[in-house]
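Undergrad: If you scroll down you'll find the structure; I have some questions about it.
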Amino acid sequence: MGAQWKVKHKEAAANAKGKIFGKLVKEITIAARNGADTATNAHLRLVVEQAKKASMPRETLERAIKKGSGQLGETVQYHRVTYEGFAPHQVPLIVECVTDNINRTVAEIRVAFRKGQLGASGSVSWDFNHVGMIEASPDTPDADPELAAIEAGAQDFEPGEEGATLFLTEPADLDAVQKALPEQGFTVLSAKLGYQPKNPVSGLTDEQMAEVEAFLEGLDNHDDVQDMFVGLAG
């Protein structure tokens, strides 16, 4: 669970796809500030591929690109804000938000952290590695993730969800590695920058784990929360 926490059964919720689309639209809008051409904008290319895999409607995708690149004349500006702190039982946590109103978001995040502890910048990030994260599934049963990691230039790999593999890279190598993995027999499902915990917390009781899960789910339900990275083992 350490690299990235996901709400259990969240994908089965009726509004899950709408929430995924909302996050992707924000990410596309931000990425498109540096240009609408995916051939020259690596960040945009990664997010567009993720949006396509999530079956985002073409009109929604194109509108987000045009909005971010200024082609629609709209003035909404999204800002990326990162918060650090602890979930219950001193579980370290990094929360990435995308918002058009920083003052509103920080006030609401403070409230959301009332059962945890919101820290200052740097209070938790020292205990995480900033890495590229590529989730990919093998094209054949005999695809070798270790060999694929070496050949594609990834730094490490670990088992992912539902038979997938999580490849870890240096931040600057994210785009190159995700392009190389298909040649090694892996289909890329998602690619992004994130945080890998150095010392994930383990040994929590079932009751303590339930408290942590409830806290994280409350944060995840906030509209501005884009991603969460939790120092939790298992």
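The values are calculated or read from the model by the stated rules, or taken from the named source; none is laboratory data. Because the structure is a prediction, the values reported are computed rather than measured. Neighbour counts run over all protein chains shown; Cβ positions are idealised from the backbone, glycine included. Protein only, heavy atoms only, side chains kept; ligands, DNA and RNA dropped before computing areas. Shrake-Rupley method; radii C 1.70, N 1.55, O 1.52, S 1.80 Å.
Undergrad: Would you mind computing, in nm to one decimal, how far apart the modelled labels at Asn199 and Ala107 are, each placed 7 Å from Cα along Cα→Cβ?
TA: 3.7
Undergrad: For the stretch 17-167, what's the relative contact order in percent, using C-alpha pairs closer than 8 Å and at least 6 residues apart?
TA: Relative contact order of the stretch 17-167: 16 percent.
Undergrad: Using alpha-carbon pairs under 8 Å, 6+ residues apart, how would you state the relative contact order of the stretch 77-234 in percent?
TA: Normalised by residue count, the contact order of the stretch 77-234 is 30 percent.
Undergrad: Quick one: divide the alpha-carbon radius of gyration of the chain by 2.2 N^0.38 Å and tell me what you get.
TA: 1.03
Undergrad: Enter the accessible area of Met133 (Å², nearest 10), with the probe set to 1.4 Å and all protein chains included.
TA: Met133 has an accessible surface of roughly 10 Å² with all protein chains in place.
Undergrad: Take the cross-link list Lys19/Lys53; Lys115/Lys192; Lys52/Lys179; Lys53/Lys179 and give me the ones stretching past 25 Å between alpha-carbons.
TA: Result: Lys115/Lys192 exceed 25 Å.
Undergrad: Roughly how many Å² of Glu217 are accessible to a 1.4 Å probe, to the nearest 10?
TA: 80
Undergrad: If I take R0 = 30 Å and measure r between the Cβ atoms of Arg80 and Glu158 in this structure, what FRET efficiency does the formula 1/(1 + (r/R0)^6) give, to the nearest 0.05?
TA: Calculated transfer efficiency: 0.70.
Undergrad: Working with all protein chains in place, sort Thr29, Thr82 by solvent-accessible area computed with a 1.4 Å probe, largest first.
TA: Thr82, Thr29
Undergrad: Given the protein chains as shown and a 1.4 Å probe, how many square angstrom of Lys52 are accessible, to the nearest 10?
TA: Only protein atoms counted, so the area is about 120 Å².
Undergrad: Hey, if you put +1 on the Cβ of every Lys and Arg and -1 on every Asp and Glu Cβ in the chain, which of Ala136, Val230, Val47 ends up farthest toward the positive end of that dipole?
TA: Val47
Undergrad: Leaving out ligands, DNA and RNA, and with a 1.4 Å probe, what % of the accessible surface on the stretch 73-165 is carbon or sulfur?
TA: Exposed carbon and sulfur together represent 48 percent of the surface.
Undergrad: Report the residue, chosen from Lys23, Lys67, Lys53, that carries the largest GNM mean-square fluctuation when the chain is represented by alpha-carbon nodes joined by springs under 10 Å.
TA: Maximum among the listed residues: Lys53.
Undergrad: Determine the calculated [θ] at 222 nm for the chain from helices alone, applying -39500 (n - 2.57) to every DSSP H run no shorter than 4 residues and normalising by the residue count; nearest 500 deg cm²/dmol.
TA: Only helices count here, giving -10500 deg cm²/dmol.
Undergrad: If you count only protein heavy atoms with a 1.4 Å probe, what accessible area per residue comes out for the stretch 111-220, rounded to a whole Å²?
TA: With all protein chains present, the stretch 111-220 gives 54 Å² per residue.
Undergrad: Taking a 1.4 Å probe, which of Ile102, Ile134, Ile150 shows the most accessible area, and what order do the others take after it?
TA: Reading off the accessible areas and sorting them downward yields Ile150, Ile102, Ile134.
Undergrad: Between the stretch 38-101 and the stretch 104-157, what's the alpha-carbon centroid distance in Å?
TA: First find each Cα centre; the distance between them is then 16 Å.
Undergrad: Tally Lys and Arg at +1 and Asp and Glu at -1 over the other residues with C-beta under 9 Å from the C-beta of Thr165: what net charge comes out?
TA: -2
Undergrad: Here's something else I'd like to know. Subtracting the Cα-Cα distance from 0.36 nm times the residue separation, let me have the gained length for Lys115 to Lys66 in nm, one decimal.
TA: The span from Lys115 to Lys66 would gain 13.6 nm if fully extended.
Undergrad: Here's something else I'd like to know. How high is the FRET efficiency from Thr40 to Ser123, r the C-beta distance, R0 35 Å, rounded to 0.05?
TA: Between Thr40 and Ser123 the formula returns 0.40.
Undergrad: Round to the nearest 0.05 the FRET efficiency obtained for Ala54 and Gln90 when R0 = 41 Å and r is the Cβ-Cβ distance.
TA: Given R0 = 41 Å and the Cβ-Cβ separation, E is 0.75.
Undergrad: Same structure, new question: Under a 10 Å cutoff between Cα atoms, tell me which one of Val177, Val98, Val81 has the largest fluctuation in the Gaussian network model of the chain.
TA: Sorting by GNM fluctuation, first place goes to Val81.
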